[in-house]
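Have a look at the structure below, then the notes.
Where a number appears in this text, it was derived from the coordinates with a stated rule and is not lab data. Everything numeric here is computed off the predicted structure, so don't read it as measured data. Here Cβ is always computed from backbone atoms with ideal geometry, including for glycine, and neighbour counts include all displayed protein chains.
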Amino acid sequence: MLDTAKKLPEDDPINDKPMPLLDHLIELRRRLIWSVGAFLIAFFICYHFSGHIYSFLAQPLANILESKTGHDRRLIFTALTEAFFTYVKVAFFGAAFFSFPIVASQIWLFVAPGLYRSEKRALLPFLIATPVLFFLGGALAYYLVFPIAWRFFLSFETPTGAGGLPIELQAKVSEYLDLVMKLIFAFGVAFEVPVLLTLLAKVGIITSKTLGRFRRYAYVGMFVIAAILAPPDVITQCGLALPLILLYEISILAARWVEPRPVEA
């Protein structure tokens, strides 16, 4: 047993070196500077192109309005500073999205030296899957949920109301973009469920049998999460809850694949 324990570090080397606390803090500061610098550069670039980002985020609504009315419609702002701060929020959203790979790489460079080679190989698939699933969640919201939800909401417009006045959408640009960015972020984070559950199964905290046994409670929890993250309408809530249920089932299969096998006596 002692010989095996002595050979393990050689078979599974670690690149970490003993460092005083001050050196660790200096290294952490270096990684934070790189992360903040990447975010600030991305922020100023995104602010320069904030008009293009705004057009991209507003395109689903613009397409439906154009097909519904046949003429151009517009978003409005009612406060003097509203449009400016809306563009700032758009730039912040874009900077967080585009700087994420650099920030994640800096976190990895800070943590990786303290991991064994086998631990690095085990974590690498999760690091790759995290941004991919976040992007897929945001894409699902933008390309599938938004057109369906916006068309449903706009169906309540009427050319003439009960009192002889039409009911027509006059959406505020800040409220619309807040809703869009919230939903994209909510769908992106929700799509990280398989990564979290598979990682917990990998380290032995949960098992696929446990996930299967609590399936019915998880389904209820998915709808509760969707009700909290999504607006109070059935379409967007179901648009978030149903993919979450599918991802939960995928997580059970992934957990069964990666969970530690019981050691035979």
Quick one: Ile128, Ile45, fewest Cβ neighbours within 10 Å first, how do they rank?
Ile128, Ile45
Whole-angstrom gap from segment 183-203 to segment 75-123, using each part's C-alpha centre
17
Segment 61-108: trypsin sites (Lys or Arg not before Pro) in DSSP coil with no more than 11 other Cβ atoms inside 10 Å:
Arg74
Residue by residue, what Karplus-based ³J(HN,Hα) values in Hz, rounded to whole numbers, does segment 131-148 have, using 6.51, -1.76 and 1.60 with θ = phi - 60° and x for Gly and Pro?
x, 5, 5, 4, 5, 5, x, x, 5, 4, 5, 6, 8, 10, 6, 4, x, 5
Which order do Leu136, Leu80, Leu32 fall in if you start with the one that has the fewest other Cβ atoms within 10 Å?
Leu80, Leu32, Leu136
Go through segment 167-250 and name the chymotrypsin sites (Phe, Trp or Tyr not before Pro) that are in a DSSP coil and have 15 or fewer other Cβ atoms within 10 Å of their Cβ.
Phe214
Starting from 0.36 nm per residue, how many nanometres of slack lie between Ile167 and Arg216 once their C-alpha separation is accounted for?
13.4 nm
Taking amide hydrogens as modeled 1.01 Å from N in the peptide plane, which residues meet the under 5 Å criterion relative to Lys172, leaving out close sequence neighbours?
Ile76
Using Cβ contacts closer than 10 Å as the measure, can you line up Ser55, Ser208 from fewest to most?
Ser55, Ser208
